[in-house]
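Student: For reference, the structure I am asking about is given below.
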Amino acid sequence: MLNQGIGSWPARRARKTPDRIAVVHEDRTWTYRDLHRRVLRLAHALRALGTRRGDRVVPRPQPPRVPGNTVRGQCARGGVRTCLNTRLAAPELAFNLADSGSTVLVHAPETAEAAAEAAESAGVSVRIALDGTGPIGYEELLAGRGSEPLDEAVSPDDPCLIMYTSGTTGRPKGAVLSHANIIWNSVNVLVDTDQAGDEITLVVAPLFHTAGLNMTCLPTLLKGGHVVLLGAFDPDRVLDLIETRRVTYMFGVPTMYDAMTSRPRWADTDLSSLRTLNCGGAPVPARTIAAYLARNLAFSQGYGMTEAAPGILYLDREQTAAKAGSAGVPHFFTDTRVVLPDGSGAAPGESGEILVSGPNVMTGYWNRPQDTAAAFTDGGWLRTGDVARTDGDGYCYIVDRVKDMFVSGGENVYPAEVEDAILSHPAVAECAVIGVPDEVWGEVGRAVVVLRPDAHADTGPHSGPGAGAHSGAGACPHSGPGAGPHSGADADALLGHLRGRLAKYKIPRSVVFTGSLPRTASGKIVKPAVRATYSGTSTGGTGP
């Protein structure tokens, strides 16, 4: 084939395993033959609409609506797919459309209003509606096209995807991933997770997210397994699908896995089909790992970022218990270094920034040469902006984001470590720790806490509205290390829980209770939004 990119995968799979199931969504099933034909019809339709090699097409459906068609349909013609968050407001969407120079926008009925406004603002020439109510209907567009073979010359080095970073600070940047980047990432996943041709992969992360698309969906389809698509995460629905569909592999973020363990049916659900549970997107609390190990499940952590397509580190199943808390070692065809601020290598146990190199690392940021140059250092190593340490065996432990670290009294404080300790309190469901200004220490920690549904925030001198900053002195008697479960928690109880677990300078000086924390569509806590809301001078009490 002339096409050496991922756009050729449906044709290659259809000639190899045409009758094997490729995609399942609700009550619909597509074989690899079905998928190949739909991809060809879409490719011919895009050609008829005037798209050309290198044009950008943006699918903005709810995750399962177009199972891989827009990726491969556009890539089959040498085009580029731009991945955009379905939660974006119209101005945000318009910026990304204009920045990427996209010419086609595919959208679901739920996003029709924002899509129409953004397309007009960004000058997008073609808008396709999945429900058929827009200028062009998706199914009608495909129904009128043939499925004759189409083989465009595509090189592995050609751009394949533009995946925008979350944009939590400043304008989002489009990471350009080549076909080679996606291929090598998929190979890494297949090698390191031992995926098989009979894999049944549950995709609960959105397909505009690099983990949902590149860590779960595409590797499984390359191997010839089948993917089960779920439009939105629901813990009971996930447990249902694992049991009824006999799911063998899934990826999720820590909050998803925690939500599953919190369901009353957790202990009784048949999870025997599961071979691999992969977790990433944020540091994984020790309690989460323990909950899955208790059910004899191989709960593995991984670490990655959009710019690396995204796999960087992975912990093999065999090391789940021995190296609990570690993100593992580099993926098979990827290399990492941990370096100190002066660029020298960090010794085992020392914290430094992770650098990554490999064929899965992006070619650069779309139309941003200065940002691209700043992202790479020392002969082409990508700077991740994440802090890690290694042990004597070379296993890597993610400490935190460089930008989330704060300095208190000259000591570096990594919020992820403090959050993990707070999450060990039985009343805490979620938390985020941020640094806030302090006249004496420069910065001190503040914990923003969400309690479990069956717990409540006990009002006290330090936890009521308008309470001032404090060091946690005078904690109530039941709040020390090893305290048992109780229905309530006040600021003193939570801070007292940390004494003996953390060095004094790491313990937050204030606690704020709130009903929820801001998260991205992929489940990550948005720390800039937490800081913007909770870093003011009023330090105690309940949040908005």
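Student: For the stretch 1-22, how many residues are in contact with a Gly (Cβ under 7 Å, 6 or more places away or on another chain) and without any contact (Cβ under 8 Å) to a residue 60 or more places away in the chain?
Tutor: Here the count works out to 0.
Student: Just wondering, is there one or more residues in the stretch 89-99 that are small (Gly, Ala, Ser), outside any helix (DSSP H, G or I), crowded, with 20+ Cβ neighbours inside 10 Å and free of Cβ contacts under 8 Å to residues at least 60 places away in the same chain?
Tutor: Looking for residues that are small (Gly, Ala, Ser), outside any helix (DSSP H, G or I), crowded, with 20+ Cβ neighbours inside 10 Å and free of Cβ contacts under 8 Å to residues at least 60 places away in the same chain, one finds none in the stretch 89-99, hence no.
Results for (1) closer than 21 Å to Val176 by Cβ; (2) over 25 Å from the mean Cα position of the chain (by Cα); (3) at pLDDT 95 or above, shown as yes or no for each residue.
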site	(1), (2), (3)
Arg12	no, yes, yes
Val23	no, no, yes
Ala48	no, yes, no
Pro61	no, no, no
Val66	no, no, no
Ala76	yes, yes, no
Phe95	yes, no, no
Ala116	no, yes, no
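Student: Just one of (1) out of contact with any Leu (no Cβ under 6 Å at 6 or more places or on another chain); (2) surrounded by fewer than 18 Cβ atoms within 10 Å (Cβ to Cβ) trips up Thr269, so point out which.
Tutor: Failed condition: (1).
Student: Pairs needed: first member in the stretch 25-39, surrounded by fewer than 20 Cβ atoms within 10 Å (Cβ to Cβ); second member anywhere, in a helix (DSSP H, G or I) and at pLDDT 95 or above; C-beta distance under 6 Å; at least 6 residues apart or different chains.
Tutor: Arg33/Ala14
Student: For the stretch 264-288, name all the residues that are of a type in the set (Val, Ile, Thr) and either over 19 Å from Val204 (Cα atoms) or touching a Lys or Arg at 6+ places or on another chain (Cβ under 9 Å) (or both).
Tutor: Residues satisfying the conditions are Thr269, Thr276.
Student: Search the stretch 27-46 for residues being in a helix (DSSP H, G or I) and out of contact with any helix residue (DSSP H, G or I) (no Cβ under 7 Å at 6 or more places or on another chain), and hand back the single one that is farthest from Thr17 (Cα to Cα).
Tutor: This residue is His44.
Student: Quickly run through the stretch 312-330 and pick out the residues that are in a loop (DSSP other than H, G, I, E, B) and of a type in the set (Lys, Arg).
Tutor: Result: Lys323, single match.
Student: Still on this structure: When residues of the stretch 345-395 are filtered for being farther than 17 Å from Pro330 by Cβ, surrounded by fewer than 18 Cβ atoms within 10 Å (Cβ to Cβ) and under 20 Å from the mean Cα position of the chain (by Cα), how many remain?
Tutor: Residues meeting the conditions: 1.
Student: Just to verify a result, which residue in the stretch 217-255, among those that are modelled with pLDDT of 95 or more, out of contact with any helix residue (DSSP H, G or I) (no Cβ under 7 Å at 6 or more places or on another chain) and of a type in the set (Val, Ile, Thr), is surrounded by the fewest Cβ atoms within 10 Å (Cβ to Cβ)?
Tutor: Top of the filtered list is Thr244.
Student: Arg337 versus (1) assigned to a strand (DSSP E or B); (2) crowded, with 21+ Cβ neighbours inside 10 Å: which is the lone unmet condition?
Tutor: Of everything listed in (1) assigned to a strand (DSSP E or B); (2) crowded, with 21+ Cβ neighbours inside 10 Å, Arg337 misses just condition (2).
Student: Which fully enclosed strands (runs of 3 or more DSSP E) of the stretch 109-211 have 2 or more residues being within 25 Å of Gly54 (Cα to Cα)?
Tutor: Per the criteria, 126-129, 159-164, 174-178.
Student: Still on this structure, I have one more. Counting just the residues of the stretch 126-141 that are surrounded by fewer than 19 Cβ atoms within 10 Å (Cβ to Cβ) and more than 31 Å from the chain's Cα centre (by Cα), which one comes out farthest from Pro91 (Cα to Cα)?
Tutor: Of everything passing the filter in the stretch 126-141, Glu140 is farthest from Pro91 (Cα to Cα).
Student: If you don't mind, another one. Output the residues belonging to the stretch 1-24 that are surrounded by 21 or more Cβ atoms within 10 Å (Cβ to Cβ) and part of a loop (DSSP other than H, G, I, E, B).
Tutor: Listed by number, the list holds a single entry, Gly5.
Student: OK, next. When you go through Leu315, Leu297 one by one, which is the residue that is touching a Lys or Arg at 6+ places or on another chain (Cβ under 9 Å) and among the hydrophobic types (A, V, I, L, M, F, W, C)?
Tutor: Criteria check complete, one pass: Leu315.
Student: Taking the conditions exactly as written (under 29 Å from Asp420 (Cα atoms) and in contact with a Lys or Arg (Cβ under 9 Å, 6 or more places away or on another chain)), does Ser326 satisfy them or not?
Tutor: No, not satisfied.
Student: What tally of residues in the stretch 417-449 results from selecting those that are surrounded by fewer than 21 Cβ atoms within 10 Å (Cβ to Cβ), aliphatic (A, V, I, L, M), touching a strand residue (DSSP E or B) at 6+ places or on another chain (Cβ under 8 Å) and more than 17 Å from Phe513 (Cα to Cα)?
Tutor: Counting residues in the stretch 417-449 that are surrounded by fewer than 21 Cβ atoms within 10 Å (Cβ to Cβ), aliphatic (A, V, I, L, M), touching a strand residue (DSSP E or B) at 6+ places or on another chain (Cβ under 8 Å) and more than 17 Å from Phe513 (Cα to Cα) gives 0.
Student: Here is a follow-up. Provide a single number: the residues in the stretch 158-188 that are polar (S, T, N, Q) and modelled with pLDDT of 95 or more.
Tutor: Number satisfying all stated conditions: 5.
Student: In contact (Cβ under 8 Å) with a residue 24 or more places away in the chain, over 29 Å from Asp99 (Cβ atoms), under 18 Å from the mean Cα position of the chain (by Cα) and outside the structural domain of Gly101 (by TED's automatic domain parsing): does that describe Val338?
Tutor: Considered against the rule, which asks whether it is in contact (Cβ under 8 Å) with a residue 24 or more places away in the chain, over 29 Å from Asp99 (Cβ atoms), under 18 Å from the mean Cα position of the chain (by Cα) and outside the structural domain of Gly101 (by TED's automatic domain parsing), Val338 comes out as no.
The values are calculated or read from the model by the stated rules, or taken from the named source; none is laboratory data. Given the structure is predicted, the values throughout are model-derived calculations rather than measurements. Note: ideal-geometry Cβ built from the backbone for every residue, glycine included; neighbour counts use all protein chains shown.
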